[in-house]
């Protein structure tokens, strides 16, 4: 342990802790930081050489996370080795610093913990379409404390939810939203693409009870089989993997039409499967086909209307007031 005589002096004032030994450790720490930064850059450059420009692939995502974690471990271990050569002093310092940081940086520590939960629990990967912290969109980046999401619009049933949206479907708004990782402890995370890259969707058409209901059902089924995902073009590997991993049955994935009584009309709802991206294009194509075929079949879409069955007779009387002088 250095004596007080080893401390540096400036204008006759002894600088507390400024000893040659501490200055040497400071220089070693700065050198270590520079080396780690250069090594990180070198490893990432090697990754880019092997995988090219496919920055959005999952391999690139996990490779970057591995490099970040490895360099963080090297940096922390190196700094601890430089400054705490005595294990007893190191344990005491870690305890004091840890207690202070845990109190002052609760949200930061929780966010970092959320990062490891995301990785370990495989909550989502880069490229996954999720809802996290009230934000819908695709994950484009994940760091120790934050997740960046390319925001998408909201479908009509949730248009009133916050934040307000001007895009009325699951398409990108152009905004990149940053969400802290601690949100996974406060709210559920909805993943559209984990293990099963498809989503179920529906289109509902109201028709009059006296219309040709069977023909209407056939039109909806034909549109679904033409544009949506069916058992003929679905990825059976994804379906089998989902059923094997979670022990659930996906069931029949071909489009199906359901009937439901309405107060003024019959509701025909076609339920179909679509990829996690591109649902709006599929619904647009289906809607155009359905409208065209309904018109050819003479089936009109029902809507609320009022019928006046009769008007009572009206009698208009005109009275004349004579002004007396």
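Laboratory data are not the source of any read-out in this text; all were calculated from the coordinates shown. Note that the structure is predicted; figures quoted are calculated from it, not measured. Here the Cβ is made from the backbone with ideal geometry for all residues, glycine too, and neighbour counts use every protein chain on show.
If each residue of separation counts as 0.36 nm, what is the full-extension length gain between residue 210 and residue 21 once their alpha-carbon separation is subtracted?
Result for the pair: 58.6 nm of gain on full extension.
Take the alpha carbon gyration tensor of the stretch 233-306, find the square roots of its eigenvalues, order them as a ≥ b ≥ c, and report rounded if a/c is under 1.5; if not, report prolate when a/b exceeds b/c, else oblate.
Here the stretch 233-306 falls in the prolate category.
Compute the FRET efficiency between residue 232 and residue 292 as 1/(1 + (r/R0)^6), taking r as their Cβ-Cβ distance and R0 = 25 Å, and round to the nearest 0.05.
E(calc), rounded to 0.05, equals 0.60.
For residue 62 paired with residue 35, estimate the spin-label separation in nm (one decimal), with each label point 7 Å from Cα along the Cα-to-Cβ line.
In this crude spin-label approximation the distance works out to 3.0 nm.
Multiply the residue separation of residue 285 and residue 73 by 0.36 nm, subtract the distance between their alpha-carbon atoms, and state the gained length in nm to one decimal.
That pair, residue 285 and residue 73, stretches by 71.1 nm at full extension.
Neighbour counts of other C-beta atoms within 10 Å: give me 229, 35 arranged from fewest to most.
So the residues, fewest neighbours to most, are 35, 229.
According to a simple spin-label model (label point 7 Å from Cα along Cα-to-Cβ), what is the distance in nm between residue 250 and residue 144?
4.0
Which distance in nm do the two modelled labels at residue 44 and residue 176 give, with both placed 7 Å along the Cα-to-Cβ direction?
1.3
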